[in-house]
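A.B. asks: Sharing a structure, written as structure tokens. Questions coming.
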Number of protein chains: 4
Amino acid sequence: MTMEAFGEESFGDEPRWDAAPGWLAEGELAATRGRVPILYVEAVPVRIDPDGRVTEVGLLLRGSPTTGTITRSLVSGRVLHGERIRDALMRNLEKDLGPTAFPVLPLSTVPAAVAEYFPWPGDGLHDPRQHAVALAYVVPVSGECQPRQDALELTWMSPAEASSDAVAAEMEGGRGALLRRLLHDVGAI
Amino acid sequence: MTMEAFGEESFGDEPRWDAAPGWLAEGELAATRGRVPILYVEAVPVRIDPDGRVTEVGLLLRGSPTTGTITRSLVSGRVLHGERIRDALMRNLEKDLGPTAFPVLPLSTVPAAVAEYFPWPGDGLHDPRQHAVALAYVVPVSGECQPRQDALELTWMSPAEASSDAVAAEMEGGRGALLRRLLHDVGAI
Amino acid sequence: MTMEAFGEESFGDEPRWDAAPGWLAEGELAATRGRVPILYVEAVPVRIDPDGRVTEVGLLLRGSPTTGTITRSLVSGRVLHGERIRDALMRNLEKDLGPTAFPVLPLSTVPAAVAEYFPWPGDGLHDPRQHAVALAYVVPVSGECQPRQDALELTWMSPAEASSDAVAAEMEGGRGALLRRLLHDVGAI
Amino acid sequence: MTMEAFGEESFGDEPRWDAAPGWLAEGELAATRGRVPILYVEAVPVRIDPDGRVTEVGLLLRGSPTTGTITRSLVSGRVLHGERIRDALMRNLEKDLGPTAFPVLPLSTVPAAVAEYFPWPGDGLHDPRQHAVALAYVVPVSGECQPRQDALELTWMSPAEASSDAVAAEMEGGRGALLRRLLHDVGAI
């Protein structure tokens with residue numbers, strides 16, 4: 001069992017389809033990762049006021065298997081074979097925020113940003129395991145968030161703090177720039 | 001007192017600022033309308049399921065002062081001087097849907113469509129009174145809708161029915177095409 | 001060698017990377033298709049006037065391997081392992097439109113629509129071979145288009161004709177609805 | 001005759017319609033500005049590479065009538081009565097960049113951001129003359145730019161420099177934040 005930097009749950013927890021198994025043995029997933037870009041969804045949980053303005057931004061504190069350090073992260077996970085994007089988004093939000101959080105999914109599946117992660121070093125987003133393409137959303141959440149699995153804690157902070165250089169430096173794979181772009185997109189910063 | 005096709009409240013109901021009155025005497029508004037494009041917000045109220053999918057579309061039945069006929073309409077109204085777009089959107093939703101409706105405003109003020117109405121005949125959107133530019137949004141609404149003022153009734157229908165030719169023919173000023181565009185934008189049709 | 005409905009080039013034409021081969025033997029691709037959603041880009045080529053308004057829409061006439069009939073299609077193809085979305089979009093536009101066409105790629109990689117294709121029958125988009133997720137764009141093209149490979153012809157038509165029921169009936173996998181959504185998104189219909 | 005901070009041309013240069021004059025005497029415009037929000041378009045001119053990536057950002061150096069200092073500015077101007085948004089965008093680009101610049105207008109009139117300027121001090125965008133609402137776009141430009149009228153110079157800089165704190169401090173009315181948002185929106189920073 002590994003904790004994975006991209007926010008992926010351990011595979012035993014994933015649903016199974018008989019006709020089209022989204023569940024993959026680790027060897028199969030490793031082979032697949034070398035062949036095609038892997039599709040992810042990512043989400044920034046936010047608190048909003050009654051007028052729809054973002055008041056707080058939620059970031060996960062997560063342990064990284066690659067560096068051993070604690071890093072900040074977005075809600076994130078694979079889109080499984082046969083799974084709709086909305087269902088993948090809701091499943092990963094529930095996985096990372098717990099059963100008492102109530103995410104309000106966007107009306108449209110058009111993402112606020114498309115994040116491209118490459119396994120080789122560069123000036124953009126980076127994922128040492130794979131070429132991943134993530135559809136990224138900002139998702140208002142009400143209720144209480146109780147992170148599960150490998151996420152240690154959910155921290156709420158102001159949009160200004162979330163987009164600070166200090167927080168960007170704590171985010172893995174270059175996601176600080178992605179977070180700023182998402183917060184700009186909704187006018188939160 | 002006039003009922004206005006664009007869904008504007010009678011002016012006596014508008015808030016007043018001392019420093020910058022959004023309230024205008026009818027003569028002043030008429031003069032202003034001949035000078036600059038007038039900024040509006042428009043909204044399509046929708047019901048959504050827990051996954052964010054649009055299940056129902058709300059259209060207002062409204063009396064038209066220009067034709068005497070009953071027409072279907074979107075939530076609509078002017079952005080007043082000094083008023084934020086979010087506040088104009090919320091004020092007009094409350095005006096047309098009543099105090100027991102709970103609209104969920106979009107995270108971003110970037111509209112789903114920009115609708116341009118011209119006072120002269122053409123192949124696009126038409127408003128006999130003025131050159132109007134409307135920022136148009138799709139807005140999920142929970143609670144109970146009780147239309148007020150000149151709106152007679154709010155009708156909920158499926159996205160397919162709302163985008164039908166029959167409903168488009170009942171919409172004033174060419175808004176049938178605008179409604180289809182908005183429903184396409186959120187993937188509802 | 002097969003002609004594929006999704007607009008994918010025959011694999012022998014794909015570029016190779018040594019470190020991260022996007023090229024897959026047919027058996028490997030078939031196995032991969034049963035494991036994860038496959039990422040595609042799709043594009044509607046359009047002609048625009050100097051003001052940026054869409055005047056013509058280009059649709060490919062393409063032979064379908066599954067039905068034997070001739071169908072209309074969008075520019076479409078896989079994002080290869082290690083390939084940027086912009087590069088995949090340009091490569092597939094060149095593949096389908098020829099070397100004398102000059103596509104103007106969008107400033108942002110945020111797509112106009114996200115199209116989800118499932119291998120089982122349903123009321124949405126359908127691809128018998130796989131679960132595919134396509135990022136879809138509208139792309140202005142100047143120069144001369146000379147379709148290559150399995151595309152037989154490129155037909156230019158008005159936005160109204162391209163969004164007609166007759167043309168929708170000729171499009172494979174339910175792409176008529178996708179095309180309408182894309183044309184609505186840019187205000188062409 | 002004044003040079004205006006919002007980038008508006010002197011009124012004598014504006015086109016006239018007989019039926020619906022967009023041209024206003026200064027007294028009329030002043031009265032109108034106190035009554036309704038005034039609609040503007042704003043644009044960031046950019047240079048792009050063949051793949052659509054932003055390589056350079058153009059900012060105008062402009063004299064401010066309110067402070068006497070030289071400030072950086074975006075292309076900007078009113079939407080006149082009876083004028084389409086596309087036409088207002090093209091007219092203001094030509095006004096600020098000269099006749100040998102070739103802007104490529106966006107396919108959709110949906111803006112990348114909606115900028116709200118208020119005449120009273122606050123934490124957002126500010127215009128001492130009026131309540132203005134600007135539809136803001138990023139516009140690729142080829143050809144040679146020769147600023148006219150009150151714009152003194154057009155400076156091309158990298159996206160990183162354009163979004164720096166130093167440049168933001170030189171921009172009037174808080175437009176540094178707007179510029180960052182627009183550059184984030186197209187993935188340029």
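The values are calculated or read from the model by the stated rules, or taken from the named source; none is laboratory data. Predicted model, so just to flag it, every value in this text is computed and none were measured. Methodologically, a virtual Cβ is constructed for each residue, glycine included, from the backbone with ideal geometry; neighbour enumeration extends over all protein chains shown. Please note that ligands, DNA and RNA were not included when accessible areas were found on the heavy atoms of the full protein model with its side chains. Shrake-Rupley method; radii C 1.70, N 1.55, O 1.52, S 1.80 Å.
A.B. asks: What is the number of the single condition among (1) open to solvent by 10 Å² or more (accessible area, probe 1.4 Å); (2) in a strand (DSSP E or B); (3) at pLDDT below 90 that A:L154 does not meet?
C.D. replies: Failing condition for A:L154: (3).
A.B. asks: So which residues in region C:87-107 are part of a strand (DSSP E or B) and among the aliphatic types (A, V, I, L, M)? Even if it seems obvious, please write down each step before you answer.
C.D. replies: First, pick out the residues of region C:87-107 that are part of a strand (DSSP E or B): C:101-103.
Result: C:A101, single match.
A.B. asks: Next up: How many residues are out of contact with any Phe, Trp or Tyr (no Cβ under 7 Å at 6 or more places or on another chain) and either among the hydrophobic types (A, V, I, L, M, F, W, C) or under 23 Å from B:H81 (Cα atoms) (or both) if we restrict to region D:84-120?
C.D. replies: Kept after step one, since they are out of contact with any Phe, Trp or Tyr (no Cβ under 7 Å at 6 or more places or on another chain), are these residues of region D:84-120: D:84-88, D:90-105, D:107-110, D:113-120.
From what's left, either among the hydrophobic types (A, V, I, L, M, F, W, C) or under 23 Å from B:H81 (Cα atoms) (or both): D:84-85, D:88, D:90, D:93, D:97, D:101-102, D:104-105, D:107, D:110, D:113-120.
Going through region D:84-120 one residue at a time, the tally reaches 20.
Let's see how each residue does on (1) modelled with pLDDT of 95 or more; (2) crowded, with 16+ Cβ neighbours inside 10 Å; (3) of a type in the set (G, A, S); (4) assigned to a strand (DSSP E or B):
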| site | (1), (2), (3), (4) |
| --- | --- |
| B:T109 | yes, yes, no, no |
| B:P121 | no, no, no, no |
| B:V141 | yes, yes, no, yes |
| B:Q149 | no, no, no, no |
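A.B. asks: In this structure, is A:L74 within 14 Å of the chain's Cα centre (by Cα), within 14 Å of chain B (Cβ to nearest Cβ) and open to solvent by less than 10 Å² (accessible area, probe 1.4 Å)? Spell out the reasoning first.
C.D. replies: Details: within 14 Å of the chain's Cα centre (by Cα): yes; within 14 Å of chain B (Cβ to nearest Cβ): no; open to solvent by less than 10 Å² (accessible area, probe 1.4 Å): yes.
Criteria not met by A:L74.
A.B. asks: Under 6 Å between Cβ atoms, at least 6 apart or on separate chains: pull out the pairs that start in region B:26-45 with a residue that is over 12 Å from B:H131 (Cα atoms) and end on any residue that is of a type outside the set (V, I, T) and part of a loop (DSSP other than H, G, I, E, B).
C.D. replies: What qualifies is B:E42/B:L74; B:V44/B:L74.
A.B. asks: In addition: Which pairs do you get when a residue that is farther than 12 Å from B:A112 by Cβ, found in region B:161-189, comes within reach of a residue that is buried (at least 23 other Cβ atoms within 10 Å of the Cβ) and acidic (D, E), reach meaning Cβ atoms under 7 angstrom, with the pair 6+ apart or on two chains?
C.D. replies: B:G173/B:D127
A.B. asks: Scan (1) open to solvent by 10 Å² or more (accessible area, probe 1.4 Å); (2) of a type outside the set (G, A, S); (3) within 14 Å of another protein chain (Cβ to nearest Cβ); (4) closer than 24 Å to D:P50 by Cα for the single condition C:L135 breaks and write down its number.
C.D. replies: Among (1) open to solvent by 10 Å² or more (accessible area, probe 1.4 Å); (2) of a type outside the set (G, A, S); (3) within 14 Å of another protein chain (Cβ to nearest Cβ); (4) closer than 24 Å to D:P50 by Cα, C:L135 violates only (1).
A.B. asks: Any idea which residue in region C:83-107 is modelled with the highest pLDDT, counting only those that are buried (at least 18 other Cβ atoms within 10 Å of the Cβ) and away from chain D (no Cβ under 14 Å)?
C.D. replies: Among those that are buried (at least 18 other Cβ atoms within 10 Å of the Cβ) and away from chain D (no Cβ under 14 Å), it is C:L97.
A.B. asks: Please go through region A:44-68 and give me each residue that is charged (D, E, K, R), modelled with pLDDT of 95 or more and touching a Lys or Arg at 6+ places or on another chain (Cβ under 9 Å), ordered by number. Talk me through it step by step, then tell me what you get.
C.D. replies: Within region A:44-68, the subset charged (D, E, K, R) is A:47, A:49, A:51, A:53, A:56, A:62.
Keeping just the survivors that are modelled with pLDDT of 95 or more gives A:47, A:56.
Hit for region A:44-68 is A:E56, nothing else.
A.B. asks: Let me ask you something else. So how many residues does region B:108-127 have that are more than 14 Å from chain A (Cβ to nearest Cβ), over 21 Å from C:L183 (Cβ atoms) and either over 16 Å from the mean Cα position of the chain (by Cα) or free of Cβ contacts under 8 Å to residues at least 24 places away in the same chain (or both)?
C.D. replies: Number of matching residues: 4.
A.B. asks: While we're on this one: How many of the residues making up region A:44-68 are part of a strand (DSSP E or B) and more than 21 Å from B:S108 (Cα to Cα)? Steps first, please.
C.D. replies: Just the residues of region A:44-68 that are part of a strand (DSSP E or B), to begin with: A:44-48, A:54-63.
In the following step, the residues that additionally are more than 21 Å from B:S108 (Cα to Cα) were identified as A:60-63.
Number satisfying all stated conditions: 4.
A.B. asks: Quick one: count up the residues across region B:69-86 that are basic (K, R), without any contact (Cβ under 8 Å) to a residue 60 or more places away in the chain and not in a loop (DSSP other than H, G, I, E, B). Break it down into steps so the answer makes sense when it comes.
C.D. replies: Within region B:69-86, the subset basic (K, R) is B:72, B:78, B:84, B:86.
Pick out the ones that are also without any contact (Cβ under 8 Å) to a residue 60 or more places away in the chain and you get B:84, B:86.
From what is left, the residues that are not in a loop (DSSP other than H, G, I, E, B) are B:86.
Within region B:69-86, residues that are basic (K, R), without any contact (Cβ under 8 Å) to a residue 60 or more places away in the chain and not in a loop (DSSP other than H, G, I, E, B) number 1.
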